Amino acid sequence: MKSFKLSTLFAVFTATFLLMTACQSSTVSTKPTPSGTPPKISSAQDGRLIFEGEAVPVKNVTLTFPANGIVDEVLALEGDKVSKGDVIARLKGLERQKAAISAAQAELLSAQQTLDNLNKNANINRADVQLKLAQAKKALDKAVENRNYKNYKRADQWYIDQSNADYILALNDFNNAEMVWNNWKDKDETDRNRAFALQNFAAARKKVQQAEANFNYLKGAPLEVDLQISEGELVVAKANYENALKDWELVKNGPNPDDLQLIEERLANAHAQLDAAQASLDDLELKAPFSGTIVASNLKAGQLSSIGSSSVVLADLSEFQVESSDLTELNITKISEGSPVAITIDGIPDLAISGSVTRIKPLGEDNQGDITYKVIIKLNNQDPRIKWRMTTSIAFSQP
């Protein structure tokens, strides 16, 4: 009886062992593993590593306004398709910002015209400055000559010679008038011809006296006040010439560098103001960076939108890829970029898609004690039934 029990127990143990061995040799289930636990790997007999992933659109982005404001209008709702550049939503203040852009454009145009005129009129301005320089040089030469004459006489030789000639002519007229007067002075005082002779004689005498006095004055030494005046005139003439010379140096090779720098700075500032105004206008509009579908949005007209609080999720649902963060440091070295994979999707049991690893992020992340690496997989085929975040099983062939 005892022998029978032992043999029976041995038979049960043997059956249990064979059953466990058979279970271990079968493929491991591809159901998702609990978050934070290592992925289940298939047995070594089938030569594959199986991990969990999810379907993600190749193109997807979360959009937010870069500025605070009041939502004026929402132009695209969840489920709507938009094209690249379409305005999805807009904040208040559009007209005010457009006015700022118009003002900046007007200033830019004015600054550009000023620069164009400066370059266009450079030759005319250079000729004008050159003429002023010649005039200043002539005035300086005259002032120098006048000041030199003042060292020993009141006027330059030309004026003295002119005054001497006036005196000689006046003296000659006086002598002639005197001769006529001598012929008539003894006549009757009521005689008309005598009166004319006396009148001419008196006028000639006055003229010769004035001419003689002027000639003697010009030949004489200058007064102190005359020296001061001529010295002052020379100082002014020198200053005017130096200023004219500086102006000529600035324009002789083209527009005045100071004027050119000033207008170029004005032009650069106008460009900056326009760019800033345009950027502020762009901040008021949320635009689609690519064509796709609005898959999520919490925007409502009239609501206060602060930076980062209001968002729109845009995705191109025509092309998906698979992403997985289940590969740990123990098995990440068993795959590489370009490795082929087989994809099955839990929600679409009849769908099997091949693909390949396009990227393995080099920085691992701590996932509840396990270091895992994100792997991105390109699908060789697309299927319209695939939706964002559908769970997938990824089978890698071991090397």
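The values are calculated or read from the model by the stated rules, or taken from the named source; none is laboratory data. Being a predicted model, the structure only gives us computed values, none of them experimental. Counting neighbours? That spans all protein chains shown, and the Cβs are built from the backbone with ideal geometry, glycine included.
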Meets criteria (surrounded by 15 or more Cβ atoms within 10 Å (Cβ to Cβ), hydrophobic (A, V, I, L, M, F, W, C) and either under 30 Å from residue 99 (Cβ atoms) or free of Cβ contacts under 8 Å to residues at least 40 places away in the same chain (or both)) for residue 284: yes
Odd one out for residue 235, checked against (1) within 52 Å of the chain's Cα centre (by Cα); (2) within 30 Å of residue 138 (Cβ to Cβ); (3) in contact (Cβ under 8 Å) with a residue 60 or more places away in the chain: (3)
Helices (runs of 4 or more DSSP H) enclosed by segment 171-286 - at least 2 residues per element that are among the β-branched types (Val, Ile, Thr): 224-251
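Which residues, taken from segment 273-315, are of a type in the set (A, V, I, L, M) and closer than 18 Å to residue 78 by Cβ? Explain how you work it out, then say what you get.
Applying the first criterion (of a type in the set (A, V, I, L, M)) to segment 273-315 yields 274, 276-277, 279, 281, 284, 286, 288, 294-296, 299, 301, 304, 307, 312-315.
The answer is 286, 288, 294, 295, 296, 299, 301, 312, 313, 314, 315.
Kindly establish whether residue 325 is surrounded by 12 or more Cβ atoms within 10 Å (Cβ to Cβ) and in a strand (DSSP E or B).
Working: surrounded by 12 or more Cβ atoms within 10 Å (Cβ to Cβ): yes; in a strand (DSSP E or B): yes.
Yes; evaluated as a whole, the condition is true for this residue.
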Index of the failed condition, residue 209 passing every other in (1) without any contact (Cβ under 8 Å) to a residue 12 or more places away in the chain; (2) surrounded by 15 or more Cβ atoms within 10 Å (Cβ to Cβ); (3) not β-branched (Val, Ile, Thr): (2)
Candidates 76, 100 - the one that is assigned to a loop (DSSP other than H, G, I, E, B) and surrounded by 13 or more Cβ atoms within 10 Å (Cβ to Cβ): 76
Residues of segment 124-174 satisfying the condition of being modelled with pLDDT under 85, of a type in the set (Gly, Ala, Ser) and within 27 Å of residue 210 (Cα to Cα): 155
Qualifying residue in segment 263-271 (condition: at negative phi, without any contact (Cβ under 8 Å) to a residue 40 or more places away in the chain and either in the same structural domain as residue 77 (by TED's automatic domain parsing) or over 29 Å from the mean Cα position of the chain (by Cα) (or both)): no
Hits in segment 362-381 - residues which are surrounded by 13 or more Cβ atoms within 10 Å (Cβ to Cβ) and of a type outside the set (Val, Ile, Thr): 364, 367, 370, 373, 374, 378, 379
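Out of the residues in segment 287-312 that are among the polar types (S, T, N, Q) and part of a loop (DSSP other than H, G, I, E, B), which is modelled with the highest pLDDT? Give the steps one after another, and end with the answer.
As a first pass, look at segment 287-312 and keep what is among the polar types (S, T, N, Q): 291, 293, 297-298, 303, 305-306, 309-311.
Adding the requirement that they be part of a loop (DSSP other than H, G, I, E, B) leaves 291, 298, 303, 306, 309-310.
Numbers: 291: 97, 298: 92, 303: 90, 306: 83, 309: 77, 310: 80.
Once the filter is applied, the top-ranked residue is 291.
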Pairs where the first residue, in segment 345-357, is closer than 16 Å to residue 56 by Cβ and the second is aromatic (Phe, Trp, Tyr) and part of a strand (DSSP E or B), C-beta under 6 Å, 6+ apart: none
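In this structure, does residue 76 turn out to be in contact (Cβ under 8 Å) with a residue 40 or more places away in the chain and within 23 Å of residue 259 (Cβ to Cβ)? Give the steps one after another, and end with the answer.
Values: in contact (Cβ under 8 Å) with a residue 40 or more places away in the chain: yes; within 23 Å of residue 259 (Cβ to Cβ): no.
When the stated conditions are applied, residue 76 does not pass them.
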Per-region count, segment 376-399, residues under 15 Å from residue 325 (Cα atoms) and touching a helix residue (DSSP H, G or I) at 6+ places or on another chain (Cβ under 8 Å): 1
